[in-house]
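Shown next, in structure tokens, is the structure this report addresses.
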Amino acid sequence: MKITLIRPDSRDLQYGPLVDIAAIEPPLWLLMRAGFLKEQGHQVEVIDLEIEGTSSALSSVISDVFELVSWGQNPTSFNWQQVDGLVQRCPGHVASWKSLPPFNIAAVPLWSAIDVSDYRAHSWHCLDGSPRSPYGVTFTSYGCPYRCSFCVTRGYYNNRYRERDLRDTMKDLKYFAENKVKKIKFIDEMFFLKGKRVEQLCDYIIAEGYDFDIWAYSRLDTLDVSLLPKLWKAGFRWIALGIESGSMSNRMTLGKGSFTNFDIRKIVRQVKDNEINVVGNFMFGFSSDTYDTMQETLDLAFELNCEHVNFNVLMKGRKNGLSQYSTDCHPGETTSLTGTQVLQFRDNAFRQYFTAPSYLDMLNRTFGESAVEQVRRITDIILRRKPYGKRMEQSVKV
Ligand code: SF4
């Protein structure tokens, strides 16, 4: 049977004028599905509309089965079950989404179905002036055992944490090295959960002499700082830390109360001291958020002065505007603020952070003047926001 796997393209809707800044990740889950189907004896074709463009690529395709494989926004930021029309295909019918369909973690991605040089890293990953393409993504684990109250990962993965055989991850890395892929993302929610596995992977990369520039996410309390020198040696140049809120009481409520602001400062300092850059992930719009707690979060971001920050807004029960960069982004309200107020705070925070002299000076010292220019080009982009009101539809500089 011929099966055509398609990744749809919604990048313009998701990112608007920021579309060129966002990464284009290789469609890893789709490639694993492709690898699995091929192993079953099917003829498989992959069409990535994020690369090909919509209309022309599909017009001449003949296939027995078409499967759309879509993903993108971080599952921590909104409630999938509120999304109309999101369905899971079951034998003979379609059903409303409940959790992800069974996933074959042992499938081998069919890398030969794409050209890794078509994909590109985030612009911040290349602040040092290095090329954004080719780009590779891989993983060592899947899901998360934690239960942070704002995060839908537990529903998304049924609160399961599953480990991939590291030999499969090593095969991906070998493929990347052979195909001159230097920029790599580990997409695990919990890459650092098992220090021994992280160390094993680092030892492999170091022994093979690969020259990678890797980034991965980490929960603050799963990062074993004693591994930082080895991580650097293996090519880890960025770690994205889930800091979320500058308010201790907020973090206690959310399930991220195991660290104080003092611990956060210490961990960020230790990562930076090992010449690994930090992406600080912060969120605005928790139910308990007020202007004061959101300001605490922004103050902490300024104090940490991370090489990059993501200021995310929490989505609650919306059916559209799920991307925080989209024109119709609608964050949920808090007990004291409307969604629009949260969004305005977020947009102002973004602008303040990325234009602050203290940030730009640090960037200049770390990456040079070209990085400062790159950030200035981004903060010159105008982002339109419908929720600010039809009459008041506002253009904000991001
Ligand atoms: S640790 Fe991260 S991925 Fe896991 S539940 Fe909390 S926010 Fe979600």
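Rule-based calculations on the coordinates, nothing more; no lab input. Not measured: the values here are computed from a predicted model.
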**Mean projection area, nm², convex hull over Cα of region 115-395** = 15.0 nm²
**Complete:** Against the 2.2 N^0.38 Å rule of thumb, the C-alpha Rg of region 225-304 sits at a ratio of 1.17
**Asked** Across region 211-226, in residue order, what do the Karplus-derived ³J(HN,Hα) couplings come to in whole Hz, using 6.51 cos²θ - 1.76 cosθ + 1.60 with θ = phi - 60° and x for Gly and Pro?
**Response** 10, 9, 10, 10, 10, 8, 7, 8, 6, 4, 8, 9, 7, 8, 5, 5
